[in-house]
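Accompanying notes for the structure given below.
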Amino acid sequence: MTDPHILTNRDQLREIVGEVPIPPREKTIDHIDAICARYIAAAPFLLIATHGADGLLDISPKGDPAGFVGILDKKTLAIPERLGNGRFDTYENLFDNPQLALIFLIPGHNDTLRVSGDGRISRDPELRARFAVRGQEPRFVLLVHVREAMTHCPKCMVRSGLWQPERWPDRSDIPTLAEAMVAHGQLSRTVAEMDDIIRKDGENRLY
């Protein structure tokens, strides 16, 4: 049976929440301007969403020192690849669907920046050299062709208390990465063994 409480179209939603106010509706631009550039320069962390061939969406975190995302021109961003877990879901997805979305976060700052566009993977040697850290070049650079950019209001940050340590939840019962990997992957290794592998990986593969 169909759930009568499920909304099925835009009109039903807008009847509840009203139309988009003019300031939020008009805040979208199609390029990186000086305002967006200042957000990007201060951001050490972003989330990137892509669309896989299996029809599912992926969201992946990326982080480096603040300003790690390069602005090549007002329509092009460059994000260096760094060593991770080796899945490369984000990059593989782009071969099937180049569309992507980014959200930039700045610790302690409640506003965020959203960018949508298309992604390409470049092996340009000059770009790779530009984004080298401690002599280690990225193996490739993700180029983002910007189609939309907008700032996002801070209400979610205020409600969540994300940057307020006194409002952070108790983390004593949060599972470790090692615990999750052993359980989800049904690994023969113990949690302690997996934790040691993760620790050594961080020691040896981070620049």
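Descriptive notes on the structure:
- Considering only Q99, I59, P80, the residue lying farthest towards the positive end of the dipole of the chain is P80, judged by Cα position with unit charges set on Cβ.
- The slack in the chain from I6 to T76, taken as 0.36 nm per residue of separation less the alpha-carbon distance, amounts to 21.3 nm.
- Electrostatic tally near K75: other residues with Cβ closer than 14 Å to its Cβ, Lys and Arg +1, Asp and Glu -1, net -2.
- Nearest-20 debye value, the range 94-148 charge dipole, Cβ charges on Lys, Arg, Asp, Glu: 200 debye
- Using only side-chain charges placed at the Cβ, +1 for Lys and Arg and -1 for Asp and Glu, the dipole size of the chain relative to its Cα centre rounds to 600 debye.
- Candidates A180, A101, A129: whichever shows maximal mean-square fluctuation once the chain is modelled as a Gaussian network with Cα springs under 10 Å: A180
- Legend: calculated FRET efficiency, F88 to E148, from the Cβ-Cβ distance at R0 = 22 Å, rounded to 0.05, equals 0.30.
- Only DSSP H runs of four or more residues enter the estimate; each adds -39500 (n - 2.57), and after division by the residues of the chain the mean residue ellipticity at 222 nm equals -8500 deg cm²/dmol.
- Gyration tensor verdict on the range 1-115 (Cα atoms; rounded if a/c is under 1.5, prolate if a/b is larger than b/c, oblate otherwise): oblate
- For the range 84-207, the Kirkwood estimate of hydrodynamic radius, built from reciprocal distances between every pair of different alpha carbons, is 18.4 Å.
- Partner lysines whose Cα lies under 18 Å from the Cα of K75, excluding those fewer than 8 positions away in the same chain, are identified as K27.
- For the pair A192 and V20, a Förster radius of 41 Å applied to the C-beta separation gives a FRET efficiency near 0.20, rounded to the nearest 0.05.
- The loop-placed trypsin sites (Lys or Arg not before Pro) in the range 124-169, going by DSSP, that have at most 16 neighbouring Cβ atoms within 10 Å of their Cβ come out as R134, R139.
- Close amide-amide hydrogen proximity is noted between R147 and S116, G117, D118, each under 5 Å apart and 5 or more residues distant or on a separate chain (H modeled in the peptide plane; Pro and chain starts excluded).
- Centroid-to-centroid separation of the range 29-43 and the range 121-196 [C-alpha atoms, Å]: 21 Å
- Choice from L113, L162, L100 with maximal GNM fluctuation in the chain (Cα, 10 Å cutoff): L162
- Of P98, P44, P21, the one that fluctuates the most in a GNM where the chain has Cα springs shorter than 10 Å: P21
A short reminder: the numbers here are calculations on the coordinates, not readings from a lab. Source: prediction; values computed, not measured. Every residue, glycine among them, receives a Cβ derived from its backbone with ideal geometry; neighbour counts consider all protein chains shown.
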